[in-house]
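Scroll down for the structure; my scribbles are underneath it.
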Amino acid sequence: MFRFFVGFIALVILLPGAVVAEETQPCVFCGIVAGQREGATVYRDDRVMAFLSIGPRNPGHVLIVPLLHAADFMEVPPGTVHAMTDAARRIVAAIKRTDLQCDGFQLQMNNGVAAGQTVPHAHLHIIPRYVGEPPPKTPEDRVSLAELEPVAAKIRAALAALPAETPEPPLPSALPPMGEVVPLSRIKEICAAYGMMDLWRKIERDPPVRPFKSDGCTGWFNEWKGISIYQAGFLHDLKYWAGYPGEEVERLVADAELMNDVARLLKSTAMAETMFHGVRMGGTDKLSASFSWGFGRKPLERAGATHPAAAKP
Ligand code: AMP
Ligand code: ZN
């Protein structure tokens, strides 16, 4: 009896952290995050973790939670919300690669008791759904961890084998920075995004010999009264780069489009008109300015030549 008592005291002394920590984690999901409560874990990164629900609507019912306690969606910081949805995409993709039935799925988040939230730690449900599934049980059936673990193992294995996601192409507005050489593939995307496919066909038929890079509106400015006009200069540069000598009408159209673009960006006309006059005077292909009309088609041997500063956009 005495030995048992000493052993019990020793256990309490040896495990104070665990005992105290258990007491300081009243939140069930914080307990799982901290490893003080068992969970059938599927995924974890530096912001979120995912485990199986102990009351699954269907096998493979996953809950994604932020590691830091947040009561509901509104308390989850934006970067963590993204981490939750990124994880959801990958976990769904993984579930679909297992033999779990998943003809469709629900992403569900209940916020507040009135909306059916029973655990006050934000969580995103991934619920696999399938044709012919049994009706829901109320109250839900609780499942043992022993039953959940093989399901979690399947999803973990599928996640590990999942190919990396192809990065999202940049938004059309995210133009390459000033001075950076732009590959033809990106030029094609930009032309498509800005409705300039005629220009792209001209480039594709006969790509200019020099690589394309924009200097925006250097020689003038790239910002006026706090508004960037880089986009207008970039597109104008592209048209100039692809131009052929003698295309006077095309050049006038490009200059007029620059004026329109600048006027729209600045929501005023004076600077747009001034720039139009500037490029009309300075942009001609007769001048050996670095950004004169058709600069992409000028012979490469002249690349090192010093050009007088051009009055260009
Ligand atoms: P909600 O009604 O949206 O708050 O959902 C709560 C979910 O958490 C339900 O799917 C419950 O089955 C699940 N759940 C509750 N306690 C645990 C736990 N200890 N481990 C895993 N899932 C849990
Ligand atoms: Zn919590």
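Values in this text are rule-based calculations from the coordinates and carry no lab data. Since we're looking at a predicted model, the values are computed, not measured. Glycine also receives a Cβ, built like all others from the backbone with ideal geometry; neighbour counts cover every protein chain displayed.
Summary table
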read-out	value
Cα gyration tensor category, rounded, prolate or oblate, for the range 20-160 with a/c compared to 1.5	rounded
Across Lys188/Lys213; Lys213/Lys286; Lys225/Lys286, pairs whose alpha-carbon gap is larger than 26 Å	Lys225/Lys286
Inter-label distance for Leu107 and Glu248, nm, one decimal - labels placed 7 Å from Cα along Cα-to-Cβ	5.7 nm
Other-chain or far-sequence residues with amide H under 5 Å of Tyr194's (modelled H)	none
Residues whose placed amide H lies under 5 Å from that of Ser290, excluding near-sequence neighbours	Ala310
Distance from the range 173-252 to the range 63-101 (C-alpha centre basis), Å	40 Å
Placed amide H near Leu67: partners under 5 Å, 5+ positions off or other chain	Val48, Met49
Extension reserve of the Ala192-Ala174 stretch, reckoned as 0.36 nm per residue once the Cα distance is removed	5.1 nm
Ranking of Thr85, Thr41, Thr138 by count of other Cβ atoms within 10 Å, fewest first	Thr138, Thr85, Thr41
